[in-house]
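First the structure, in the form of structure tokens, and then the observations on it.
FYI, it's all coordinate maths here, none of it is from the lab. The structure presented is a predicted model; accordingly, all values stated were derived computationally and were not measured. Positions of Cβ are backbone-derived with ideal geometry, glycine not excepted, and every protein chain shown enters the neighbour counts.
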Amino acid sequence: MLDADRLTFEHHCGGAVIAERLVLSAAHCFDKQPLQLDHVRLLVGEHRLKMQDKHENRFLAEKVVPHPEFRKNGPHSNDIAVILVSRSGVQFNSHVRPICLPDKADTAGRWCAVSGWGYQAEATENFAPVLRAAAVPVLDQTTCRKEKVLGGCQQTILDSMLCAGILSGGVDACKGDSGGPLACYSNRWQLHGVVSWGSGCARRARPGVYTRVASYVDWIKSTANSLGQRIY
Ligand code: 4AZ
């Protein structure tokens with residue numbers, strides 16, 4: 001899934017389908033004010049960014065709901081948005097299906113998968129032509145908050161954030177992956193993180209920071225409800 005905000009519809013951000021008519025992404029993906037809904041396209045079942053894939057489908061966004069407290073506790077806080085997919089929404093099949101919301105918050109130590117079409121290195125300003133995925137371990141908050149890690153940042157690591165990455169560097173999300181999923185598997189795939197921010201990409205002692213979806217399940221459900229949608 002991705003969306004775009006230019007009239008030429010370039011890749012802009014990732015997202016995750018959580019119901020026929022609901023996509024979860026990052027609030028900062030919709031930063032440009034005022035948000036023009038007709039500049040957003042949702043691509044579902046996408047694989048190759050610049051080619052027509054067999055299972056790819058385009059949708060319009062009927063509504064974008066950024067978290068009402070986005071940026072309230074620092075520039076990257078509450079970086080989450082719910083998007084209402086137009087009309088009847090996404091049809092699920094062998095290539096397109098929704099990801100579950102997380103059933104518990106604690107994922108520290110688990111290896112999860114981050115995916116997207118973001119930059120393949122911090123310095124190469126090109127989106128990946130084909131969807132990529134990488135395994136990253138979820139760090140505990142104490143480690144992430146260390147001075148040598150992300151403790152010295154402008155944005156404090158809030159409880160509603162999750163850090164994941166290899167401390168020696170080399171594997172990470174990067175620009176263009178924002179809004180996309182950090183998915184963890186145990187019996188089924190669960191969406192534990194939304195790609196949000198970082199200090200560069202894949203640098204040593206600079207893990208990626210994700211919006212901790214478990215902190216927002218109630219908000220997601222009430223937002224879904226107010227949009228007349230149900231989540232499984
Ligand atoms: C970005 O600019 C971005 N290393 C997203 C994720 C990360 C860094 C930058 C994580 O959208």
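Over the alpha-carbon set of the range 138-189, divide Rg by the Kirkwood Rh and report the Rg/Rh ratio to two decimals.
That ratio is 0.98, to two decimals.
Let me know the shape class of the range 111-215, please: from the alpha-carbon gyration tensor, a ≥ b ≥ c as square roots of the eigenvalues, rounded when a/c is under 1.5, otherwise prolate if a/b is greater than b/c, or oblate.
oblate
So what J values fall out for the range 70-81 if you push phi through Karplus, 6.51 cos²θ - 1.76 cosθ + 1.60 with θ = phi - 60°, rounded to Hz, Gly and Pro as x?
Taking θ as phi minus 60°, the curve returns 4, 6, 5, 10, x, x, 10, 6, 6, 8, 8, 9 Hz for the range 70-81.
In what sequence do Asp79, Asp31 fall when counting other Cβ within 10 Å, fewest first?
Neighbour counts put them in this order, fewest first: Asp31, Asp79.
So how do 173-183, 18-28, 138-148 stack up, highest first, on mean other-Cβ count within 10 Å?
Put in order of decreasing packing, that is 173-183, 18-28, 138-148.
Could you state the angle between the C-alpha long axis of helix 217-226 and the longest principal axis of the C-alpha atoms of the chain, as a value from 0 to 90 degrees rounded to the nearest 10?
20
Rank these for me by crowding, His192, His12, going from fewest to most other beta carbons within 10 Å.
Least crowded to most crowded, the residues run His12, His192.
Determine the distance separating the Cα centre of the range 189-232 from the Cα centre of the range 117-170; give it in Å without decimals.
That distance is 14 Å.
Starting from the 7 Å offset along Cα-to-Cβ, what nm value, one decimal, do you get for the label separation of Arg188 and Asn93?
With each label point 7 Å from Cα toward Cβ, the separation is 2.2 nm.
So which of Lys32/Lys146; Lys146/Lys175; Lys72/Lys146 end up more than 31 Å apart, counting from Cα to Cα?
Lys32/Lys146, as the Cα separations exceed 31 Å there.
Using a/c under 1.5 as the rounded threshold, could you call the range 180-226 rounded, prolate or oblate? The axes a ≥ b ≥ c are square roots of the C-alpha gyration tensor eigenvalues, and prolate needs a/b larger than b/c, oblate otherwise.
oblate
Lys221 to Lys175: FRET efficiency via 1/(1 + (r/R0)^6), r the Cβ-Cβ distance, R0 22 Å, to the nearest 0.05?
Here the calculated transfer efficiency is 0.15.
Which order do the peptides 120-130, 162-172 take when ranked by the mean count of other beta-carbon atoms within 10 Å per residue, highest first?
Ranked from most to least packed, the peptides come out as 162-172, 120-130.
Lone cysteines in the chain, going by a 4.7 Å Cβ-Cβ cut-off?
Cys100, Cys153, each lacking another Cys Cβ under 4.7 Å.
Under a Cβ-only charge scheme (Lys and Arg +1, Asp and Glu -1), can you give me the dipole magnitude of the chain about the Cα centre, in debye to the nearest 20?
Taking the Cα centre of the chain as origin, the dipole is about 220 debye.
Can you give the convex hull volume per residue for the Cα atoms of the chain, as a whole number of Å³?
Hull volume normalised by residue count: 118 Å³.
What Kirkwood hydrodynamic radius do you get for the range 2-93 when you take the inverse of the mean 1/r over all pairs of distinct Cα atoms, in Å?
About 13.6 Å for the range 2-93.
Which listed residue (Ser94, Ser226, Pro181) has the Cα farthest towards the positive end of the charge dipole for the chain, taking +1 on Lys and Arg C-beta and -1 on Asp and Glu C-beta about the Cα centre?
Ser94
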